[in-house]
Structures are given as C-alpha cells and as structure tokens.
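Chemist: Mind looking over this structure? Questions follow.
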Amino acid sequence: MKLAIINRGVVATGKSSFIKEIKSSLTKNSYSCEICSTDDFFMKDGEYKFEANKLQENHLKNQDKFFNTLKQGIDLVICDNTNLSPWEAKPYYNMAKQFEYKVITILPQKSISYYT
C-alpha cells in the first residue's frame, strides 16, 4: 500500500520529530520513505536561514519534490510543513490522490509524545 502523510499544525508541536521516528522505523523494516519539507530549502551550510522573500519559491520546490517522490512510487511520502490552512495542504492531497496514495492528515493540537 502506498501512503502519504500530510502534517498540519503549528510550530513546536513535535511534528517533525514524530515523522523522523516513523521514517527511522520504516526504513529499518525495508520500506521506502521520503520526507518533503519546505524548511529543507532554507538550509545553508547545515544552518536554517529563513528568507521571507523565498517562501513562495521554496513551497513550490517542495511541491515538486513531493510530486516526483510520489511518481517514483515510494512507500511512504510525507509532507512535513505546518499547512495551517486547508488550502496549503490541498496541493499535496491532490497529488497523492493522483498517484493513488492513501492519505493521512496529522493535526497535533499540543506536543506529540512518543516512546522508543
């Protein structure tokens, strides 16, 4: 089964940490997994450097990465953005459906706790 996860929630609720744990667990069990995050496009020399004027451009880059990852047939594709409004998540949802992925939306209200 092909699965897409779309994160939706405010900063510092544990979304990215939770997703990294999922990826780690799945890849240990031979599943392919890719995390697509707009934040990755703000990384420069290992440091996060936000530039407001690049936000739109970097969102489009992330959508392209998400699309291409789905196209490859990766088992689990994750959009790890805040996607605070439904319209922000919609392109990811539509792409996942286009490639016949099941879609799960994660909407943490508070910090996510997980145990290893």
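Chemist: Go through the stretch 16-34 and give me each residue that's of a type in the set (Ser, Thr, Tyr), out of contact with any Asp or Glu (no Cβ under 8 Å at 6 or more places or on another chain) and closer than 25 Å to residue 86 by Cβ.
Modeler: Within the stretch 16-34, just 17 meets the criteria.
Chemist: In the stretch 1-23, what count of residues is obtained for those that are in a strand (DSSP E or B) and over 11 Å from the mean Cα position of the chain (by Cα)?
Modeler: Number of matching residues: 1.
Chemist: Also: So, in the stretch 44-85, how many residues would count as being over 16 Å from the mean Cα position of the chain (by Cα) and either hydroxyl-bearing (Ser, Thr, Tyr) or not in a helix (DSSP H, G or I) (or both)?
Modeler: Qualifying residue count for the region: 8.
Chemist: So, one more: Tell me the residue from 12, 89 that is out of contact with any Phe, Trp or Tyr (no Cβ under 8 Å at 6 or more places or on another chain) and at positive phi, please.
Modeler: Selected residue: 12, the only one of 12, 89 that is out of contact with any Phe, Trp or Tyr (no Cβ under 8 Å at 6 or more places or on another chain) and at positive phi.
Chemist: Going by the structure shown, is residue 37 among the hydroxyl-bearing types (Ser, Thr, Tyr) and under 19 Å from residue 86 (Cα atoms)? Before the answer, list the steps.
Modeler: Working: among the hydroxyl-bearing types (Ser, Thr, Tyr): yes; under 19 Å from residue 86 (Cα atoms): yes.
Against the criterion (among the hydroxyl-bearing types (Ser, Thr, Tyr) and under 19 Å from residue 86 (Cα atoms)), residue 37 qualifies.
Chemist: Out of (1) within 20 Å of residue 3 (Cβ to Cβ); (2) acidic (Asp, Glu); (3) modelled with pLDDT of 95 or more, the odd one out for residue 57 is which?
Modeler: All conditions are met except number (1).
Chemist: Which of the residues belonging to the stretch 2-15 are at pLDDT below 80 and more than 11 Å from residue 83 (Cβ to Cβ)?
Modeler: Selection gives 11, 12, 13, 14.
So that you can scan it fast, the table gives a plain yes or no per residue for (1) closer than 23 Å to residue 90 by Cα; (2) buried (at least 17 other Cβ atoms within 10 Å of the Cβ):
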site: 1; (1), (2): yes, no
site: 9; (1), (2): yes, yes
site: 24; (1), (2): no, no
site: 31; (1), (2): no, no
site: 34; (1), (2): yes, no
site: 37; (1), (2): yes, yes
site: 48; (1), (2): no, no
site: 59; (1), (2): yes, no
site: 64; (1), (2): yes, no
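Chemist: So, one more: Of (1) within 27 Å of residue 97 (Cβ to Cβ); (2) of a type outside the set (A, V, I, L, M); (3) in a helix (DSSP H, G or I), residue 34 satisfies all except one. Which?
Modeler: (3)
The values are calculated or read from the model by the stated rules, or taken from the named source; none is laboratory data. Note that the structure is predicted; figures quoted are calculated from it, not measured. FYI the Cβ positions are ideal-geometry reconstructions off the backbone, even for glycines, and counts take in every protein chain you see.
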